[in-house]
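What follows is calculated from the coordinates using simple rules that are stated; it is not laboratory data. These numbers come from a predicted model, not from an experiment. Counting neighbours? That spans all protein chains shown, and the Cβs are built from the backbone with ideal geometry, glycine included.
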Amino acid sequence: MTAFGSPHLHLRLADSTNERGRELAERGAPTGTVVTAAEQSAGRGRRGRAWSAPAGRALLYSAILRPLGPEHALLPLAAPVAVCEAIEAVAPVACAIKWPNDVWIAQRKVAGVLIETRPPEWAVIGIGVNVAIAEQDFPADLRWPATSIGGGIEIGAVRDAVSLALGEWVETPETVVLDAFRKRDALSGHEVEWEGSAIETGRGVAAGIDERGNIVVEREDGERLSLGSGEVSLRPG
């Protein structure tokens, strides 16, 4: 099992823990290195979106994994599975995953994953978990569907649980990762729409993921598509 958390760099304020992680990775920081911050000024999510959280209320975490090999092909699926397990280890909740890497509690986003890589040298696994953010403290445009673990859970407990679960899942065989992800798949069986994919913009019913971790969707005409890029979201009711 990979041991994440040593060395550990904690910053009061960072522009982005992933940026700091990238700098350390490029300078040869070992696998297992973790960067955390109490606050970020330029946190990033997928597709260049901002990740915002009040100071001291969220886990802002980036971990270095190196080197990268074929066994890490499903790292983008393994990481959110690890986050689900970590959250469930510290709180009485059930987590699901919105493909590819948003973690949900009761269909509301509690965590996200952003992985940046330089194969075969390294990956920086960025994880943000809303731990103790009151609903009114989220930016107005994020109050739905954002949520927080709550329940008096401490950020340090979530950090330690994430490090432990991540260390296990980055080394888990692909078949086990696929099975675990499918059991937590929040989109399967639901109508979804997508945009920005290499195929086209469209809508259909999510039909799980394939062996490469791409989402499979079935259109009204019965055609099944495998989407490995672009944006997939629940179709508005």
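Placing R0 at 22 angstrom, the Cβ-Cβ distance between E171 and D210 gives a FRET efficiency of 0.50 after rounding to 0.05. Using 0.36 nm per residue and subtracting the Cα-Cα separation, the extra length available between E26 and L9 on full extension is 4.6 nm.
Once the convex hull of all Cα atoms in the chain is built, its volume per residue stands at 120 Å³. Simple rule: put +1 on each Lys or Arg Cβ and -1 on each Asp or Glu Cβ in the range 79-167, find the dipole, and look at G150, S163, V81; the Cα lying farthest toward the positive end is V81.
FRET efficiency for the D221 to A157 pair, using the beta carbon distance and R₀ = 45 Å, is estimated at 0.35. For the range 109-122, 3J(HN,Hα) computed residue by residue from phi via the Karplus equation (6.51, -1.76, 1.60; θ = phi - 60°) reads 6, 10, 7, x, 10, 9, 10, 10, 10, 9, x, x, 7, 7 Hz, glycine and proline entered as x.
Straightening the chain between T201 and D179 buys 5.1 nm, computed as 0.36 nm per residue apart minus the Cα-Cα spacing.
Overall shape of the range 1-135 was characterised from the C-alpha gyration tensor. The equivalent ellipsoid obtained from it has semi-axes of 22, 18, 13 Å, in decreasing order. Mean residue ellipticity, 222 nm, helices only, the chain: the sum of -39500 (n - 2.57) across DSSP H runs of n ≥ 4, divided by residue count and rounded to 500, is -7000 deg cm²/dmol.
Mean sequence separation of contacting Cα pairs (under 8 Å, at least six apart), scaled by the length of the chain, corresponds to a relative contact order of 18 percent. Of all complete DSSP H helices in the chain, not one has a Cα span along the helix axis of 30 Å or greater and a mean Kyte-Doolittle hydropathy of -0.5 or more. Using 0.36 nm per residue and subtracting the Cα-Cα separation, the extra length available between M1 and A55 on full extension is 16.3 nm.
When the charge dipole of the chain is built from unit charges on Cβ atoms (+1 for Lys and Arg, -1 for Asp and Glu) and taken about the Cα centre, the candidate among A14, A206, P119 whose Cα reaches farthest toward its positive end is A14.
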